[in-house]
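Reviewing the structure listed below.
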Amino acid sequence: MNALSPLPSRSAEACESDTVLREHGQRSVFCGLTGIVWLHRKIQDAFFLVVGSRTCAHLIQSAAGVMIFAEPRFATAILDERDLAGMADIDDELDRVIGRLLERRPDIKLLFLVGSCPSEVVKIDLKRAAERQSRARAPHVRVLNYSGSGIETTFTQGEDACLASLVPALPEADQHEPPSLLVVGALADIVEDQFTRLFEALGIRRFNFLPMRRATKLPPIGPSTSYLLAQPFLGDTARQLEQRGARRIAAPFPLGAEGTTLWLRAAADAFGISRDRFDAVTSPGRASAAQALSQRKSGIAGKRIFLFPDSQLEIPLARFLSRELGAELVEVGTPYLHRDHLADELAMLPPGVRLSEGQHVENQLDRCRAARPDLTVCGLGLANPLEAEGFSTKWSIELLFTPIQGYEQAGDLAELFARPLVRRAQLEV
Ligand code: SF4
């Protein structure tokens, strides 16, 4: 049964009439293994070894598409029925697989053992295996573990689990050092480079990114660290960072010109940067983003958009679509609503917008069909059937694989939504 409950932590302006539809039922979302596809590109000397089944191997291969690497940075150790015969042997077998991998690949400095959901995998103590291997291989290779299982994680939660596993390994920041900024959440290198230039121009001298590009360059963390989330799905990572003494800088997410400005300004304010300097540094980016958005706005303004719960990016995207492109939000679903991390985003949504948390896919499909939106943002599994019924869709997975944050990407982000609308309009002509 669906439960309607009031949404807390909204601004006074918006909260009065809003409710969140909480749903429990069948879900149609990728599991957390999917995050490996973008994380392996980010940490260049890390390797992700999925301990799983043939299904897991297929999922990652197909999510990664046709990318061919001379030396891939992920693989699946497939456990079959035979392995179940003796659990005691599994530890030895896993150690052998890891040993062979690391001998062949001395470039690997950080190895993630990634758990999955087949029952035989659930029985393996991957944490113990990671600790055993880390001890044996120190200091050349660090071995960590996390779960990407579809039972415990959905889609982007895999990144959260991965980064949360890294936090205890981060070195302690020297408490006598000046305050530093930690930007948390995987960003495409091109976006990270743009933000690097902006932070430097603003005068924020000490900043790092998590995940880092090199496993040997772990960012230090401690009470003098302020962290700024670049992705809205990092609840566990944030909790771990706070346990290490770091403090979160509250901000919306850097999607669109407005989101990017507010995100950068939150960092600038936390580091005492003057408004004049902030305006001088950001005005060129703001101007070019505004121009790029104005060129695409006419294709999206007034269009009715329905977002299925998938990537947890839905709420910042909905804010961008409605405020910067004039779209009308029919329903905004998210697999999980982190009310603190999304407080600033929620306050910027139009009053009364229908939000849903969790999923009951059949009910949601019924609502979508009844509403007949101009564009439906959803996972791959729902997109094809909806297209066959005459709906225009946008695959939410593309939003994770495409650089979309920051000023220079604002136009591309709008384009991702405009393209299926234009295609449908051409088909109808
Ligand atoms: Fe593997 Fe479970 Fe993901 Fe399926 S849902 S690919 S079995 S981890």
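List of remarks:
- For V183, nonlocal amide neighbours, meaning residues 5 or more places apart or on other chains whose placed amide H falls under 5 Å from its own, are N208, F209, L210, L228.
- Semi-axis lengths, Å, segment 363-420, gyration tensor of Cα atoms, sqrt of 5 times eigenvalues: 24, 11, 9
- Between amide H atoms placed 1.01 Å from N, distances below 5 Å from R304 occur with E328, D374, L375, all of them 5 or more places distant or on a separate chain.
- Accessible area (Å², per residue) of the chain, counting only protein heavy atoms and a probe of 1.4 Å: 43
- Shown is the FRET efficiency for Q291 and D89, computed with R0 = 56 Å from the Cβ-Cβ distance and rounded to the nearest 0.05: 0.35.
- Burial order of peptide ranges 231-238, 141-148 (average beta-carbon count within 10 Å, highest first): 141-148, 231-238
- Volume of the convex hull of segment 314-429 (Cα atoms only), normalised per residue: 118 Å³.
- A Cβ-based charge dipole, computed about the Cα centre of the chain with Lys and Arg at +1 and Asp and Glu at -1, lands at about 640 debye.
- Projected-area average for segment 93-174 over all orientations - Cα convex hull basis, square nanometres: 6.4
- Within segment 185-322, the ratio Rg/Rh, alpha carbon atoms throughout and Rh by Kirkwood, equals 0.98.
- The residues neighbouring A188, those whose beta-carbon lies less than 15 Å from its own, together hold a net charge of -3 under the Lys/Arg +1, Asp/Glu -1 convention.
- Square roots of five times the Cα gyration tensor eigenvalues for segment 165-247, Å: 18, 16, 12
- The magnitude of the dipole of segment 311-357, with charges of +1 and -1 set on the Cβ of Lys/Arg and Asp/Glu and taken from the Cα centre, is near 60 debye.
- In this Cβ point-charge picture (+1 for Lys and Arg, -1 for Asp and Glu), segment 327-401 has a dipole of about 120 debye about its Cα centre.
- Largest first, the extents of the alpha carbon coordinates of the chain on the three principal axes equal 60, 55, 42 Å.
- Accessible surface of segment 246-333, 1.4 Å probe, proportion on carbon and sulfur as whole %: 46
- Near L234: Cβ cut-off under 13 Å, other residues only, Lys/Arg at +1 and Asp/Glu at -1. The net charge is -3.
- Charge sum, other residues only, whose C-beta stays under 9 Å from G222's C-beta, Lys/Arg counted +1 and Asp/Glu -1: -2
- Its residue count N fixes a reference of 2.2 N^0.38 Å for segment 219-284, and the Cα radius of gyration divided by that reference is 1.20.
- Normalised contact order of the chain, rounded percent, pairs of Cα under 8 Å and 6 or more residues apart: 18
- Rel. contact order, % - alpha carbon contacts under 8 angstrom, at least six apart, segment 121-266: 22
- Amide H to amide H, with H built 1.01 Å from N, T393 comes under 5 Å of T376, counting only residues 5 or more places away or on other chains.
- Along its principal axes, segment 258-307 has C-alpha extents of 40, 24, 10 angstrom, given from the largest down.
The values are calculated or read from the model by the stated rules, or taken from the named source; none is laboratory data. All of these numbers come straight from a predicted model, not from anything done at the bench. For neighbour counting, all protein chains shown are included, and Cβ atoms are generated from backbone atoms with ideal geometry for every residue, glycine included. Keep in mind that these areas ignore ligands, DNA and RNA; they rest on the heavy atoms of the full protein, side chains included. Shrake-Rupley method; radii C 1.70, N 1.55, O 1.52, S 1.80 Å.
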